[in-house]
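This report refers to the structure that appears directly beneath it.
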Amino acid sequence: MSKTLMRAAQFLVVALALSFAGATTAVAQQPDAVREINGLVNEAFGELSHVRDTIYKTRRRLSEWEAEMARGVVQPASSLGVPTSGGVVGQQIAAHPMISNATRDCQDELRALGMADQFADPVRALTCAQNLSPRIRFPVEMECASLFWTTGANGQLRLTGHVQSGKDRQALSKRFSPEILATVKEVPYPACAAVTALEIPMTSDLKPKVRMLSNQTRIPFNESLAFEVVTPDFYAFLYLVYLQADGSVVNLLPKRGLMRAQHAPNTQLLFGDGRDGRRTFTATAPAGAEAIVALASRSPIDLLDDLEQGTAGQYAQSGSQTLTQPQFLKILDLAANQTVQNSTERREISAEVLYLNVIP
């Protein structure tokens, strides 16, 4: 057991003893101690999450190898003419900045090439390297826009990303052909700000899926806003936020107790359909752009957990002041780039943003 887990367990024992002794009020009056306990618990469960995820990934890889062996397609690494891992070339590949553009599985495969104690399949690594897609940011002076140069399947140069409005897209059309702009999306505020803040997490191949049960994103007044979320292919701490047209921020999945719930891979969650005790979500005035923001993290996101106030767990500033959308989106940007506590490693977060348009 790590020191973090031991310290967290010790604090939990003390906290539980105080609770059973009827000292809940006394603990509530010591916010610093409570925050320290919460931080230790979050850190400990983050470690536990990593262990569980590693076990899950190992089982999945073993299953894949068994299937490949059954088909007779697995080749011994020694017969491929390249070292399995380690070596100067492998280390150079593993350190290449382009790896950040690869899928999560490909990142693991390519980085394993530079580690002497890790097994890497050279055939898979080669496939991953061939599929890397470079992105070069296109500087644009437009509010809430994010654009990149990419290459299409036929090698044609294209812009991809989003702009806030049709007016912005029209301005681009004066400079570039329709073919170059074919993959540029119009994403109005607040969704565009959320997409910009979560730019890197949204490139992950292991991200949550969000879908309206009606399969519609233009929702008339009085129609259902029920939707489905499927967690990604790892044990995830899930955050779900609804950005409304009136400028409010609704936390749809607050903590229930001391720690945030952790969801198994590919868990289906339903919201707003009014069934099995769930609430009913319906489109109401004012009309306008809204967004569902889903984040999945391998460890709790402290910056978001700390925003939860009161028994309902809604986001607020200290002093219970309502949190505005610009304030939340600024914190969301920080959370997406937050490093893990006591580490220089970036927190592993994947995300999805679903844009909705509520109409009269």
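Calculated on the alpha-carbon coordinates, the convex hull of the range 194-249 measures out at 117 cubic angstrom per residue. With each label modelled as a point 7 angstrom along the Cα→C-beta vector, the GLN327-GLU308 pair spans 1.9 nm. Rounded to the nearest Hz, the phi-derived 3J(HN,Hα) couplings of the range 248-261 under the Karplus curve 6.51 cos²θ - 1.76 cosθ + 1.60 (θ = phi - 60°) are 8, 10, 10, 8, 8, 9, x, 5, 10, x, 5, 10, 7, 5, where x marks glycine and proline. Rounded to the nearest whole Hz, the Karplus-based 3J(HN,Hα) values (6.51 cos²θ - 1.76 cosθ + 1.60, θ = phi - 60°) of the range 200-209 follow the sequence 6, x, 6, 7, 5, 7, 10, 10, x, 10, with x at glycine and proline. Only one residue of LEU225, HIS263, ALA285 has its Cα farthest out toward the positive end of the dipole of the range 221-305, where Lys and Arg carry +1 and Asp and Glu -1 on Cβ, and that residue is HIS263. Karplus-based coupling profile of the range 210-224, in residue order and whole Hz: 10, 9, 5, 4, 7, 6, 10, 10, 9, 10, x, 3, 6, 8, 5, with θ = phi - 60° in 6.51 cos²θ - 1.76 cosθ + 1.60 and x standing for Gly or Pro. Summarising the amide proton neighbourhood of GLU223: residues at separation of 5 or more, or on other chains, whose placed amide H is nearer than 5 Å comprise ALA283. Modelled this way, with points 7 Å down the Cα-to-C-beta line, the labels at THR267 and ARG175 are 4.5 nm from one another.
Over all projection directions, the Cα-based convex hull of the range 235-360 averages an area of 8.8 nm².
Site pair GLN216 and GLU64 shows an inter-label distance of 4.0 nm when each label is modelled 7 Å from Cα along Cα→Cβ.
In square nanometres, what is the average projected area of the Cα convex hull of the range 201-285?
If you wrap the Cα atoms of the range 201-285 in a convex hull and average its projections, you get 6.8 nm².
Only the coordinates and a few stated rules stand behind these numbers; no lab work does. Just so you know, these numbers come straight off a predicted model, no measurement behind them. Here the Cβ is made from the backbone with ideal geometry for all residues, glycine too, and neighbour counts use every protein chain on show.
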